[in-house]
Amino acid sequence: MTHISSDLHDLSVADLARLLRQRKVSAVETAQHFLSRIHQHPELGAFLDTQDTLTLAQAQAADARLAAGTGGSLEGVPVAHKDIFVTRGFAATAGSKMLKGYISPFDATVVDKLGAGAQGHGAGMVTLGKLNCDEFAMGSANENSHYGPVKNPWNPQCVPGGSSGGSAAAVAARLTPAATGTDTGGSIRQPASFCGVTGIKPTYGRVSRYGMVAFASSLDQAGPMARSAEDCALLLSAMCGPDLDRDATSLDVPAEDFSAHLNDDLAGLRIGVPAEFFGQGLAADVQAAVEAALKAYEALGAKLVPISLPRTELSIPVYYIIAPAEASSNLSRFDGVKFGFRADQYTDLNDMYLQTRAQGFGDEVKRRIMIGTYVLSHGYYDAYYLQAQKIRRMIADDFQQAFKVCDVIAGPVAPTVAWALGGHADPLADYLADIYTLPASLAGLPGMSLPVGLGAGQMPVGMQLIGNYLTESRLLNVAHRFQQATDWHTARPQGI
Ligand code: GLN
């Protein structure tokens, strides 16, 4: 149809949507272009499943709707889903051996809304495949996937971050213009930061969890990852909205057009800068890039306000009690009877459970099931779980104090740039590196990551923006204005 297909992968979601609508490029040729890039880059380990026939059939249907003028808001634009979202016709493993071979008979709400939609009211995006992730989304480096690690496209010796490592790597390597991710304690923001892409974790409850393989249900939240805030806004507008019949924690708040305020002026914006996010442990290269970004915001008319989030450090023990507690309960459903994997040999029913779970779960998942079961057990519940819940509330209150004097909060996403594959021998090192993302997760607040520079080894540095409940529109506006004024989000890995 056109002669621009050699750089289709450099186009934004917004531009692709426009070209598709104008019929300057077809959904089929767009899908073919991205599928061939995906097949050219197996070395990144980003994709766990592709189904070319299914993808091209979706693209053909998108072309038909485009021709008829009935297309959705992102009709024909490709997207890939983290392997946490069940997706009809594709494998859904959640990065675990436990779900090997499981194919869902239904679509997650997010998949449905972004795709053609069961009721025909979806955005019309075409699914390229399923993206690698840490097993059951537990991890910070994508090294806990049963199907092997993901490589960071900026340096294949480095991790892409986790748990949405496949999503971040695929967007950075331009294997897809956009991806979905999930964030329980930072898994959208931290891999976005490590791979130099933009991602947003909305307010807890904004996006339906129906069809997301559950990790820690009071924290899990889905969001988009793309190269710019503008593109994230387009996806988030299509993803969010109430799903009260299928997700009891879904917020009864109508979907918004998150593109409407992208260009609002930042004059007078008060950016809270938490002292605790700039203390010991923050690497100098990350600090320098984030401080330079804060200066750029001042030039855009924003005012920096020093604030305190005094319980930042406590977010690590609190999260690593609550998340495993919920995980130990959620993962009890994997017993060899209902889904996926079952051990070959066992003596009786109880032994079948034991063998299946011993062989089906990886080390990190077992560690969390054990921790979670322990903190919920009689005699320890009050000492650990209940205490953690109380401090969780205090962490949320600290944010409300802060939002009395500022509109958004800014700081680093992670203390360092992406580390070397195999670089963290001790799981505690991974846990500690979550320090800046966990507080917003525990409070259920929206947070995002946007690229603001390159640090050690020329690896990307992300800045985190945290807003009050339901202020995603403002966060995307604040990120977009920065991306209009700077070009860090256009920096790309060499050789891909
Ligand atoms: N790194 C955190 C963990 O391992 C966060 C994971 C996530 O957000 N899914 O639990």
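No lab work stands behind these numbers, since they all come straight from the coordinates. Predicted model only: the values in this text are computed from it and were never measured. Methodologically, a virtual Cβ is constructed for each residue, glycine included, from the backbone with ideal geometry; neighbour enumeration extends over all protein chains shown.
Only bridges with both residues in the chain count here: give the DSSP antiparallel percent, nearest 5.
Working: 29 of 41 bridges.
Close to 70 percent.
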Burial order of peptide ranges 258-269, 136-147, 378-389 (average beta-carbon count within 10 Å, highest first): 136-147, 258-269, 378-389
Kirkwood-based Rg to Rh ratio, the stretch 1-128, C-alpha trace: 0.97
Length-normalised contact order for the stretch 100-248 - Cα pairs under 8 Å, 6+ apart - percent: 21 percent
Principal axes of the stretch 445-491: Cα extent on each, largest first, Å: 36, 20, 9
Debye intensity ratio I(q)/I(0), log10, the stretch 288-426, q values 0.12, 0.15, 0.17, 0.20 Å⁻¹ (C-alpha model): -0.75, -0.95, -1.05, -1.18
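Evaluate the Kirkwood expression for the hydrodynamic radius of the chain, namely the inverse of the mean inverse distance over all pairs of different C-alpha atoms, and round to one decimal in Å.
Details: mean 1/r = 0.0448 Å⁻¹.
Taking the inverse mean of 1/r over all distinct Cα pairs, the chain comes out at 22.3 Å.
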Trypsin sites (Lys or Arg not before Pro) restricted to DSSP loop in the stretch 14-94 with at most 16 other C-beta within 10 Å: ARG23, LYS24
Extension gain, ASP348 back to ALA255 (0.36 nm per residue minus Cα-Cα distance, nm): 28.5 nm
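Taking 1 over the mean of 1/r across every pair of different Cα atoms in the stretch 1-63, what Kirkwood radius in Å do you get?
Numbers: mean 1/r = 0.0809 Å⁻¹.
Result for the stretch 1-63, one decimal place: 12.4 Å.
Looking at the stretch 369-496 from every direction and averaging, what is the projected area of its Cα convex hull in nm²?
Working: hull surface 42.9 nm².
Mean orientational projected area (the stretch 369-496, Cα hull): 10.7 nm².
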Helix-only mean residue ellipticity at 222 nm for the chain, each DSSP H run of n ≥ 4 adding -39500 (n - 2.57), per residue, nearest 500: -10500 deg cm²/dmol
log₁₀ of I(q)/I(0) at q = 0.16, 0.19, 0.20, 0.24 Å⁻¹ - the stretch 370-433, Debye sum with one point per alpha carbon: -0.87, -0.95, -0.95, -0.98
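Could you work out the local net charge near CYS406, counting Lys and Arg as +1, Asp and Glu as -1, over the other residues with Cβ closer than 13 Å to its Cβ? Show your work: numbers first, answer last.
Working: positive: ARG270, LYS303, LYS404, ARG474; negative: ASP398, ASP407.
Here the count lands on +2.
Stick to the Cα atoms of the stretch 255-362, pair each with every other, and give me the Kirkwood hydrodynamic radius in Å at one decimal. Please list the in-between numbers first.
Details: mean 1/r = 0.0521 Å⁻¹.
Averaging 1/r across every pair of different Cα atoms and inverting gives 19.2 Å.
Take the alpha-carbon positions of the stretch 121-271, form their convex hull, and give its projected area averaged over all directions (one quarter of the hull surface) in nm².
9.9 nm²
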For peptides 299-305, 124-130, sequence by mean Cβ density within 10 Å, most packed first: 124-130, 299-305
Approximate spin-label separation LEU432-ALA491, in nm, with each point projected 7 Å along Cα-to-Cβ: 2.6 nm
Top positive-direction residue, dipole computed over the chain with Cβ charges, set ALA433, SER377, PHE215: PHE215
For peptides 192-200, 155-163, sequence by mean Cβ density within 10 Å, most packed first: 192-200, 155-163
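Between ALA118 and HIS378, what length comes free when the chain is fully extended (0.36 nm per residue of separation minus the Cα-Cα distance, one decimal in nm)? Display every interim value, and only then the final one.
On the way: separation 260, 0.36 × 260 = 93.60 nm, distance 4.50 nm.
Here the answer is 89.1 nm.
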Convex hull of Cα atoms in the stretch 171-247, direction-averaged projection (nm²): 5.0 nm²
Positive-end residue of GLY272, PHE258, PRO202, charge dipole of the chain with Cβ unit charges: PHE258
